[in-house]
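Here the structure comes first, spelled out in structure tokens, and everything after it is commentary.
The values are calculated or read from the model by the stated rules, or taken from the named source; none is laboratory data. For clarity, every value in this text was computed on a predicted model and none was experimentally measured. Please note: Cβ atoms are built from the backbone with ideal geometry, for glycine as well, and neighbour counts cover all protein chains shown. What goes into the accessible areas is simple: the full protein's heavy atoms, side chains included, and nothing from ligands, DNA or RNA. Shrake-Rupley method; radii C 1.70, N 1.55, O 1.52, S 1.80 Å.
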Amino acid sequence: MQNISNKPSAAVSESLPVLAGAALAVSVVGAVLALTDLASPLRAPFTLFFLVVAPAAAVAAGLRGLEPLGRGVAAVAGAIAIDLLVAQAMLAMHIWSIRGGVAAVAGISALLFLLTLVRRPGGRKARRQTS
């Protein structure tokens, strides 16, 4: 009989930090390529990766109470919503540019990360102990 559990295997849990680091590196390269306007065949896919991953990671950081699958789905949906709202706002104000869009998404993602850190300085356990 096979033992089926919800815990990831040791190989998967050991490779998650490596995958996260690779995703961060690709995102940073995409943002740098877009902001510096360098001509590269990797510019479009890496920038698109940044535009999805940066806000998704920021939204996921604020949704720690959800199940992993629900958290991932909500984070990707939130990332797409942030990207669309930035694009719509820039088009409505007639200030559309690729650099501006990448910078705005990066700023909103950083703001969401900071709000998550400010909102939960000690985590849920610290709040429950003080109430």
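Kirkwood radius, region 18-126, all distinct C-alpha pairs, inverse of mean reciprocal distance: 14.7 Å. Within the assembled protein chains, the solvent-accessible surface assigned to LEU19 is about 110 Å², based on a 1.4 Å probe. Once the Cα-Cα distance is subtracted from the 0.36 nm per residue extended length, the VAL26 to SER40 segment shows a gain of 3.7 nm. Between GLN88 and LEU114, the FRET efficiency estimated from the beta carbon spacing at R0 = 25 angstrom works out to 0.55.
Label region 60-121 by shape, choosing from rounded, prolate and oblate, from the square roots a ≥ b ≥ c of the eigenvalues of the Cα gyration tensor; if a/c is under 1.5 it is rounded, and otherwise prolate applies when a/b is larger than b/c, oblate when it is not. Verdict is oblate for region 60-121.
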